[in-house]
1. Among the trypsin sites (Lys or Arg not before Pro) in the stretch B:291-383, which ones are in a DSSP loop with at most 11 other Cβ atoms within 10 Å of the Cβ? Mind listing them?
2. Consider a paramagnetic label point 7 Å from the Cα of A:Val2 along Cα→Cβ; state which residues of the stretch B:354-384 have an amide N under 19 Å from it.
3. What is the helix-to-structure angle for B:207-230, meaning the angle in degrees between its Cα long axis and the longest Cα principal axis of chain B, kept from 0 to 90 and rounded to the nearest 10?
4. Using DSSP to call loops (not H, G, I, E or B), can you name the trypsin sites (Lys or Arg not before Pro) in the stretch B:129-236 whose Cβ has at most 11 other Cβ atoms within 10 angstrom?
5. Check which residues have an amide H placed less than 5 Å from B:Thr487's amide H, if you skip close sequence neighbours.
6. Across the stretch B:126-141, in residue order, what do the Karplus-derived ³J(HN,Hα) couplings come to in whole Hz, using 6.51 cos²θ - 1.76 cosθ + 1.60 with θ = phi - 60° and x for Gly and Pro?
7. Test of the criteria: in the stretch B:282-311, which GluC sites (Glu not before Pro) are in a DSSP loop and have at most 16 other Cβ atoms within 10 angstrom of their Cβ?
8. Can you compute 3J(HN,Hα) from phi for each residue in the stretch B:494-511, using the Karplus curve 6.51 cos²θ - 1.76 cosθ + 1.60 with θ = phi - 60°, rounded to whole Hz and x for Gly and Pro?
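What follows is calculated from the coordinates using simple rules that are stated; it is not laboratory data. Keep in mind the model is a prediction, meaning the values are calculated, not measured. FYI the Cβ positions are ideal-geometry reconstructions off the backbone, even for glycines, and counts take in every protein chain you see.
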Amino acid sequence: MVHLNQNACTIQIVGVGGQGALTVSKIIGAAAIEKDQQIVVSEIHGMAQRGGVVQTTIRLGDTISPLPFSSDITVLVGFEPLEAYRAKQEITSETVVLVSTDPIRPISVSSMGQTYPEIDSILEEIGKHTDCLFSLSSKEKALEAGDERVKNVVMLGALVGTETLPFTYDEMKRAVEASVPPKALEANLKAFDLGYNEVHDKK
Amino acid sequence: MHPLLEDKPGKKILVLGNEAITRAAIEAGVTVAATYPGTPSSEIGNTLHKIAKEAGMYFEFSTNEKVAFETAAAAAVAGVRAFSFMKHVGLNVAADAFMTLAYTGVRGGFVILTADDPGCHSSQNEQDNRYFAKMSGVPMVEPSSPEEARKMMHYAYEISEKFEEPVLFRTTTRMNHVRGVIELGEIRPPSERVHFEKDPGRFVTIPSNARKRHLVLLDLIPRMRDEAEVSPFNRVVVPEKMNTTGDIRLGLITSGVSFNYVMEVLNNIDLGVQVRVLKLGMTAPLPEDLISEFCLENDLVLTIEEGEAYLEEFTKTILKERNIPTQVLGKRDGHFPIPNEYNPDIVLKGITSALDSIGRKVDVPETEKVDWDGSIPEPPRPPVLCPGCPHRGTYFALKRATKGKAVYPTDIGCYTLGIMPPQSVGDVLICMGSSAGSAGGLSRVVDEPVIAFMGDSTFFHTGIPPLVNAVHNGHDFVLNIMDNSTTAMTGHQPHPGLPIDGLGDPAIAISIEKVCKGLGVQFVKTVNPLNIKETQKAFEEAMAFKGTSVVITKSPCALLLDRNLRKAGKKRVKYTVDQEKCRKCDVCTKTFACPAFYKIGDDHYIDPDQCFSCGVCEQVCPFGAMGPIPEGGE
């Protein structure tokens with residue numbers, strides 16, 4: 001027995017302020033409303049704009065609690081590799097981990113002489129503790145989709161590709177269509193597909 | 001149309017708790033709303049700033065919470081529905097007005113939202129404002145979810161008008177910043193202008209009237225308690241899936257977000273006992289009969305609440321008074337903590353600890369604990385001043401002027417981040433507006449110069465009285481007013497120094513420089529903190545001046561500037577390091593530390609994605625190695 005609540009899917013997104021986790025939770029929310037799926041999202045705003053750590057918890061299914069038991073993370077999504085590593089205590093062997101490999105250097109590295117760990121060693125370390133780790137460069141895929149800003153939707157596509165969410169590819173794609181501004185739709189849909197294919201094909 | 005203004009009753013939307021509350025205020029026909037921004041309540045004001053005008057509501061960002069409270073309270077005294085909202089420590093500022101308004105009461109519904117912050121996510125303390133309800137005698141409600149918050153706002157206005165008393169609406173961070181589905185209700189239009197019915201015997205609180213009004217309030221409290229006994233928000237919840245049978249009857253009394261964690265435990269962990277939950281939504285006055293009866297029906301009762309032992313102490317007192325033998329356990333017995341937020345793990349631990357103390361072991365399924373060896377580095381990611389932030393220029397110039405020898409009382413805003421190295425300025429901080437008051441006291445006793453920091457919005461909030469005090473009493477210190485033309489920390493709300501008001505209409509901008517001069521400050525100088533030499537010189541002159549001096553460092557918030565430039569479709573010049581000129585002295589990273597700087601080996605670089613083109617690095621580098629990327633270059 002790993003998860004205490006077996007009837008809810010809990011997505012933990014970790015990253016740095018300004019990476020677009022909020023938009024991802026809004027799109028998942030749109031999918032949930034469309035499907036009449038129970039959802040509760042918890043965000044820590046605090047000092048996000050000032051380069052601090054941001055955490056978003058999305059819970060789908062049979063729960064009203066914005067926070068889960070610590071052992072109940074179904075998917076950990078690292079929008080930034082160091083932050084994924086920092087959230088390591090929340091990983092169990094059944095947690096699916098999805099990591100974007102594009103680093104954002106914290107001030108402790110850029111000006112205070114500390115060392116940013118090698119991306120490969122972060123992935124290797126996380127991989128020791130979960131049976132299911134996916135990594136991709138969301139930046140690379142976003143640029144391929146035509147707009148670096150859609151990195152977050154690359155990650156959403158990848159998240160759907162893990163098949164851990166109670167939504168199909170089509171359901172989430174419709175939610176993306178309903179949530180993003182028309183002029184950004186093309187890049188977002190392409191980003192969604194690129195992220196989805198990257199992970200789904202590896203499964 | 002903004003989704004919160006849609007007149008589509010029954011439509012379901014996913015919104016932030018703060019947005020649910022904003023929608024409810026519109027549905028309830030709130031006519032006057034006023035606030036001073038403070039996280040975790042900030043999004044209510046940000047949203048009203050966008051939509052109040054269209055909703056026909058008057059909304060303002062007041063200079064501080066006390067003024068916001070008085071503005072809204074007066075509207076309710078006149079007879080219309082009013083709303084004032086603030087973070088928990090904001091109610092300290094408004095407390096003077098709050099305590100006495102409980103005596104006079106109101107004629108239109110008045111709801112005061114206090115957003116408490118257990119865990120100090122964005123606050124200087126984690127005070128439990130439920131005690132303000134107890135201290136004042138006003139009724140209080142506490143929601144657990146966005147939809148309950150929406151419904152409870154309507155209820156709060158009903159009981160406010162029923163008892164002609166203001167109602168305290170208490171939330172916590174995990175209520176304000178949780179997203180959930182709400183069902184839109186019907187919108188009641190705001191009130192037209194009303195005729196003020198004079199009643200000085202009630203509303204003018206001279207001692208003879210205040211004594212009478214106190215008696216009125218004391219008579220009201222039992223009636224409000226009767227309301228709590230039958231309130232639809234005070235109800236017993238029975239778990240459905242498990243914990244339905246057992247030889248021990250366990251009662252859990254809870255409120256607010258803790259209820260959610262309690263249900264997560266009860267729906268997933270078999271405690272081996274029969275559990276019932278008393279979920280309290282109206283928590284002042286507390287329902288004595290309801291609580292007593294609930295306790296009588298159980299063998300053991302636990303109070304589960306974040307913060308202080310508010311429910312616990314009341315429950316224990318009532319049971320003692322009524323000679324009810326049921327054992328009640330909570331924080332006072334060490335099973336639940338006072339500090340920090342709760343979560344399902346903490347609630348489960350508290351319940352098992354309490355059951356253990358009466359000899360019942362709970363069989364909690366083993367969860368896997370991963371053993372991390374921590375062999376790779378994990379550099380911290382503290383929040384920092386943004387690239388291009390004018391405060392970084394201010395601190396850099398100031399430290400050149402003081403040569404590190406000064407005491408720095410600081411204040412509440414982004415500039416508090418100056419305590420991080422390498423700026424490392426900020427020695428004393430208590431609350432909003434405190435830096436100038438602290439500076440006065442320090443300047444009388446310490447052997448170094450005193451330099452106080454205060455933001456522009458903080459200056460209007462509570463910074464003016466201590467400056468008056470300093471001038472009049474001849475305190476010798478420098479007040480640095482860091483004017484970035486916005487309330488940056490809470491999400492860029494306007495303040496009285498700007499030519500725009502809460503509704504988005506043009507407004508008279510009040511000049512900080514003229515205010516300081518008008519208060520009698522003899523040395524006032526305004527400089528651009530992106531110009532290091534000019535700023536350093538101003539600080540040197542101000543420090544040499546005997547008496548209270550003011551240096552206003554004025555440059556707009558980089559985030560706001562960037563947003564405006566992007567809207568205008570303008571590109572900014574980026575800066576770079578000339579590797580031939582760079583002597584790798586590290587002055588840039590060790591003394592200025594812009595987040596856009598980075599090193600590969602010993603070589604310095606500027607990340608063009610992060611550079612805001614403030615141009616200060618060019619003035620920082622002693623060898624002229626930093627400068628704008630030449631046209632067509634790189």
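1. Passing sites in the stretch B:291-383 are B:Lys361, B:Lys369.
2. B:365-373
3. 60 degrees
4. Details: sites: B:Arg130, B:Lys134, B:Arg150, B:Lys151, B:Lys162, B:Arg170, B:Arg174, B:Arg179, B:Arg193, B:Lys198, B:Arg202, B:Arg211, B:Lys212, B:Arg213, B:Arg223, B:Arg225, B:Arg235; in loops: B:Arg193, B:Lys198.
Sparse-neighbourhood loop trypsin sites (Lys or Arg not before Pro): B:Arg193, B:Lys198.
5. For B:Thr487, the qualifying residues are B:His492, B:Gln493.
6. My calculation for the stretch B:126-141 gives 10, 4, 9, 6, 4, 5, 5, 5, 4, 5, 8, x, 7, x, 9, 10 Hz in order.
7. B:Glu297, B:Glu308
8. With coefficients 6.51, -1.76 and 1.60, one gets x, 9, x, x, 10, x, 9, 10, x, 7, x, 7, x, 9, 6, 8, 8, 7 Hz.
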